[in-house]
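Read through the structure below, which is laid out as structure tokens, and then see the notes.
The values are calculated or read from the model by the stated rules, or taken from the named source; none is laboratory data. Just so it is clear, the structure is predicted and the values come from calculations on it, not from any experiment. Here the Cβ positions follow ideal geometry from the backbone for every residue, glycine too, while neighbour counts run over all protein chains shown.
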Amino acid sequence: MTTDQYLAELGQQFRVDAVRATSHAASGHATSSMSAADLMAVLLARYLRYDFDWPDHPGNDHLILSKGHASPLLYAAYKAAGVISDEELLTFRDHGSRLEGHPTPRLPWVDVATGSLGQGLPIGVGIALAGQRLEQAPYRVWVLCGDSELAEGAVWEAFEHAGYEKLSNLTAIVDVNRLGQRGPTRHEWDLDAYARRMGAFGWHTIEVDGHDPAAIDAAYGEALDVTDRPAVVLARTMKGRGVAAVQDREGMHGKPVPDAEEAVAELGGVRDLRVDVERPAAVTAPRQTHGVRADLPRYTVGDKVATRNAYGEALAAVGSARQDVVALDGEVSDSTRSEFFAKAHPDRFFECYIAEQELVASAVGMQVRGWTPFVSTFAAFFTRAHDFVRMASVSRAGLNLAGSHAGVAIGEDGPSQMGLEDLAMFRSLHGSTVLYPCDANQTARLVAAMADGAGGVRYLRTSRGASPVIYGPDEEFPVGGSKLLRSSAEDRLTIVAAGVTVHEALAAADELAADGVAVRVLDMYSIKPVDAHALLDAADRTGCLLTVEDHRSQGGLGDAVLDAFTDGRAVPRLIRLAVDTMPGSATPAEQLRDAGIDAAAIVAAVRRYVGASAGADVAA
């Protein structure tokens, strides 16, 4: 058979296997897989360079199925490549199967989880950036997108960023099958409408019949010949191609075909073609320097230093010790202080501009290649990229994020700039680490700990204003720990604080001590994992915990403390001070006072508790 005939047969095999897998599962996206089958067949057989026996080969191309719901197509390709069996293909969506409804890195050939539409191309940009700017490696990034997801704003952040960076190692393939979930897409089969937009962002555009293997072959070849910009192949296809009962029909999205046996027969029957995917050329992997101890900045006790400054200086120091560390920022590096890294290591700093989704996505892509990314922006602005962070967790990504300008303590800028929900957002992620330092030396140590983290999403919250250095430069701050700053045998309760409120708690403790009221002060710098042992001990010794946080009362420090008492033991008396107002513009001191989380508010809360306790004792 000729090459074109072989490619056509391979495409039909992919359609048949998508029908079989979804029919066995009684669920799944058969028609979305069938539309892109020819696109995948030509890519796998003719252009992908990949060693399936060595998924971490530094020269491997990267294939991202952005339209992750078409996972049966990807699994059919893996079967053709000989890395999964036909028996495993038919475990699609079964309990315990690696072949999940949307692909995840449970399969070693999947770089990142997809299925939340619009994320594949932004992450592909990050992988391509690593290849072009950091590694100068010859691998190519292929991203197979659906047309429906082109309505997502994140996709256009990616098109602009890739065009600006002239990522000639990136090729997007768009399966323009006209139909979305509930009906036609915005532009249906108007390939020119897409081409005009993508061309405006500096991409080379190629329009093609997505069911003509020879034309697809030529389009991919043309994309490879483009050396000064990224290329996009816009392929006109039909959803459900090859089966009359579903081809280009509305209402068939996300469903198996009505009669699988009839559909398989119509497609020409079951096939077992195998593809000997070409392996990449030998490439020297960039050497990563994990575990090297950085010469961290040292701060003098009593000095006033903003934790955001300490973050930037520590990040630059870690970057000097570790060549695998990269930094990305969303055009606020002068505020987050990642500019210190940018000045020290300009070749490993990436300006992503005010595009927070692409900012996080680029970092996810870079960690795929073994880099250790630190992502910085205002804590409030990570909310825009929450879905990317959520999917990074699903991808088992190792990611460091630093949110500055947290809480009402930023002062006059007002609520639009205040991160007041960030702790809740990051605590809710599976396997995440959430840290909130109160002074410069603590911050520096925690930055180094983040760089050495074994995986997962790690979040560091920093503050805008300068605060006193209370710890020496040699103090250790293990993740999951806490620091006891005040204690005595006469403590009436424990004040649990983090970040800016640690200093308010210490001031309150001093004022209370002058009045003869002893309280314990616990610096809970690790919000997740929380130091349950220290909290249980404090509860046993003082009977009452008072949490004070520059954050909303939902999901932050107070809830983290409460989680330590979910093991069936008696819960101590709890008092919670948090931001329950809507702030305006005011000085930092006024903001803390108005929110009821400053030293005076802590003192008042303790006195109420002590007075109530004394009254209860008299009544008894």
- Message: Every residue in region 392-418 that is in contact (Cβ under 8 Å) with a residue 60 or more places away in the chain, at negative phi and either in contact with a Pro (Cβ under 7 Å, 6 or more places away or on another chain) or crowded, with 24+ Cβ neighbours inside 10 Å (or both), please.
- Response: Ala392, Ser395, Ala397, Asn400, Ala402, Ser404, Ala406, Val408, Ala409, Ile410, Pro415, Met418
- Note on the structure: Those strands (runs of 3 or more DSSP E) completely within region 382-472 that have 1 or more residues that are of a type in the set (Phe, Trp, Tyr) are 457-461
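Yes/no matrix, rows are residues, columns are (1) of a type in the set (A, V, I, L, M, F, W, C); (2) surrounded by 15 or more Cβ atoms within 10 Å (Cβ to Cβ); (3) at pLDDT 95 or above:
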{"site": "Ala244", "(1), (2), (3)": "yes, no, yes"}
{"site": "Glu261", "(1), (2), (3)": "no, no, yes"}
{"site": "Ala285", "(1), (2), (3)": "yes, no, no"}
{"site": "Ala310", "(1), (2), (3)": "yes, yes, yes"}
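To keep it simple, each residue is scored yes or no on (1) under 19 Å from Asp209 (Cα atoms); (2) in contact with a Leu (Cβ under 9 Å, 6 or more places away or on another chain); (3) part of a loop (DSSP other than H, G, I, E, B); (4) modelled with pLDDT of 95 or more.
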residue	(1), (2), (3), (4)
Met1	no, no, yes, no
Tyr6	yes, yes, no, yes
Leu10	yes, yes, no, yes
Phe14	yes, yes, no, yes
Ser27	no, no, yes, yes
Ala41	yes, yes, no, yes
Phe52	no, no, yes, yes
His57	no, no, yes, yes
Tyr75	no, yes, no, yes
- Message: If Ser66 satisfies all but one of (1) in contact with a strand residue (DSSP E or B) (Cβ under 6 Å, 6 or more places away or on another chain); (2) polar (S, T, N, Q); (3) surrounded by fewer than 23 Cβ atoms within 10 Å (Cβ to Cβ), what's the number of the condition it fails?
- Response: (3)
- If Ala215 passes every condition in (1) under 32 Å from the mean Cα position of the chain (by Cα); (2) under 25 Å from Leu7 (Cα atoms) but one, which one does it miss? (1)
- Message: Test of understanding: among Val469, Val457, which residue is surrounded by 20 or more Cβ atoms within 10 Å (Cβ to Cβ), β-branched (Val, Ile, Thr) and farther than 20 Å from Phe374 by Cα?
- Response: Val469
- Message: If I filter region 518-537 for residues that are basic (Lys, Arg), under 15 Å from Ala508 (Cβ atoms) and over 31 Å from the mean Cα position of the chain (by Cα), do I get at least one hit?
- Response: yes
